[in-house]
Amino acid sequence: MLELIAIIVSLTAILAWFNHQFIHLPTTIGVMAIALALSWGMHGLAWLGLSAIENQAESLISRIDFNELLMDGMLSLLLFAGALHIDLDRLRHYRWSIGFLATLGVVISTLIIGSAAYALLGAFGFAVPWMYCLVFGALISPTDPIAVLGILRKANAPVDLELRIVGESLFNDGVAVVVFTLLLGAASGDEALTFMHAGKLFLQEAGGGILLGLAIGTLAYWLMRSIDEYRIEVLISLAVVLGGYSLALHLHISGPIAMVVAGLLVGNKARQSAMSDTTREHLDAFWELIDEILNTLLFVLIGLEVLLIPFELAHLWVGAGLVMTILVVRFTIIGGPVMLLRDQLGFRRGAVRILTWGGLRGGISVALALALPDGETRDVLLTVTYLIVLFSIFVQGLTIGRVVTRVLGGQKE
């Protein structure tokens, strides 16, 4: 395991340096692009009969459980780091629009995208059951907090729109995981699909995650307030994440939601009244560094995972059709309430276009797709998921700044 970590970290460092020196893309997108180019280059060599390098790379990547690494490891640190810098007072101001997008928005999107996937896959000869298409709808519907946090903050978006997109992305993955778990259980025949079961699962996952986040965030606040030693306070914040997420897994409640709530408490209440200026400075520097390093590592892994994903030309057409479907569905889900309740929800003109284009998909969708049972259905859905994520990160991620400038004239407020 140490050898594997050393290889991945070393490769990531080299790719990050190369991007900084020669390509000058945002770090996460740049390293992912280079990793993809390396993966496709190895595919090309294998096509020419030189398959030794590709075989060794595939053997290396296959040793990484991407789903476990992200969902049970990196995600907790990334979500806490993201929530740490969110202004809770501002977030409360947009709670209704964020709450709608993170809950009902995910459910509606799951149903529509899942049904569209069933039609498209069937049209191209892929016999994927409708329930598994709904599972796909659940895993592709949430905007990814990792992708959003890493890209949107560099896009010069107005604060209100940034908070809406980031706030939605921080909370909606918890809802999506509940929907995904429920639908996957029904699709595999393990659990019955009932409103009572869905409500119980949501209450357990989301409600339990909120309560745990409040508990560990309050504990961290109390501990930090009792001392003035930045080294220990930074260590406390790290313990909140690692210990709290591990506890959430054992209790079968939403670790992501717990981390977001704990991060909001530490980043607001503890920051304001339990930390000295020195502690704030060191805490921010520590978590910003953790965020940057893990984001870079994650995007390199996404780029390398293409080595293990089966691909057919028909997948490309299905993926293209679903990209358009996802954008139309998101535009409709956001645009409907805005047209009816623009003044009450406080949306500025042009917000719908920016929120639509800024709804990036990323590593969480890939991780959930990798959690599907082995078989042809998994291969098809994984490949289509991967294509959508590539479009989201490279096309939407690289152009969101220009969309903001064009729609709002580059004005921050």
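Tell me the label-point distance for the pair D374, L2, using the 7 Å Cα-to-Cβ offset, in nm and rounded to one decimal.
3.1
With springs only between Cα atoms under 10 Å apart, run a GNM on the chain and tell me which of I108, I64, I165 wobbles the most.
I64
Contour minus end-to-end for A123 and D89, with contour as 0.36 nm per residue of separation and end-to-end as the Cα-Cα distance?
7.4 nm
Compactness ratio of the chain: Cα Rg over 2.2 N^0.38 Å, N = residue count?
Against the empirical 2.2 N^0.38 Å value, I get 0.97 for the chain.
About the Cα centre of the chain, what is the dipole size in debye to 20, counting +1 per Lys and Arg Cβ and -1 per Asp and Glu Cβ, all else neutral?
Dipole size: approximately 1420 debye.
For the chain, what relative contact order do you get, as a whole percent, if you take Cα pairs closer than 8 Å and at least 6 residues apart?
Dividing the mean separation by the residue count of the chain yields 27 percent.
Note the full-extension length gain between R349 and F331 as 0.36 nm times their separation in residues minus their Cα-Cα distance, in nm to one decimal.
5.1 nm
Please give, to one decimal in nm, the separation of the simple spin-label points placed at L111 and M196, each 7 Å out from Cα toward the Cβ.
In this crude label model, L111 to M196 measures out at 2.2 nm.
Run the quick spin-label model on S276 and T405: label points 7 Å from Cα toward the beta carbon, then report their separation in nm to one decimal.
Each label point is offset 7 Å from its Cα along the Cβ direction, giving 4.4 nm.
Specify the residue with the greatest mean-square fluctuation among L70, L88, L304, computed from a Gaussian network of the chain linking alpha-carbon atoms under 10 Å apart.
Largest GNM mean-square fluctuation: L88.
What residue among I333, I388, G319 has its Cα farthest toward the positive end of the dipole of segment 67-408, where the charges are +1 on Lys, Arg and -1 on Asp, Glu, each on the Cβ?
Among I333, I388, G319, the one farthest towards the positive end of the dipole of segment 67-408 is I333.
Helix by helix through the chain, keep the DSSP H runs that span 27 Å or more along the axis on Cα and average at least 0.0 on Kyte-Doolittle, and give those back in order.
Correct list, ordered by number: 27-47, 104-123, 159-187, 230-251, 277-304, 313-345.
For segment 364-410, state the average projected area of the convex hull of the C-alpha atoms over all orientations, rounded to one decimal in nm².
Spelled out: convex hull of the Cα atoms, projected over all directions, averaged, 3.6 nm².
Can you bin segment 1-132 into rounded, prolate or oblate? Criterion: square roots of the alpha carbon gyration tensor eigenvalues sorted a ≥ b ≥ c, rounded for a/c under 1.5, prolate for a/b above b/c, oblate for the rest.
oblate
Could you identify which residue out of V366, V175, V328 has the top mean-square fluctuation in a GNM of the chain using Cα springs shorter than 10 Å?
Answer for the Gaussian network model of the chain: V328.
Quick one: Cα centre-to-centre distance for segment 212-288 and segment 34-85, in angstrom?
A separation of 30 Å, based on Cα centres.
Stretched out fully, how many nm does the piece from L50 to R225 gain, at 0.36 nm a residue minus the Cα gap?
56.9 nm
Just to verify a number: FRET efficiency for L316 and T218, C-beta to C-beta distance, R0 = 45 Å, to 0.05?
0.35
When the C-alpha atoms of segment 1-73 are aligned to their principal axes, what extent does each axis show, in angstrom, from largest down?
Rounded to whole Å, the extents work out to 34, 32, 20 Å.
In percent, how large is the relative contact order of segment 1-151, given Cα pairs closer than 8 Å and 6 or more residues apart?
With pairs under 8 Å counted, the relative contact order is 16 percent.
Throughout, read-outs are computed from the coordinates displayed, never taken from laboratory work. Remember, predicted model here, so these are calculated numbers, not experimental data. Counting neighbours? That spans all protein chains shown, and the Cβs are built from the backbone with ideal geometry, glycine included.
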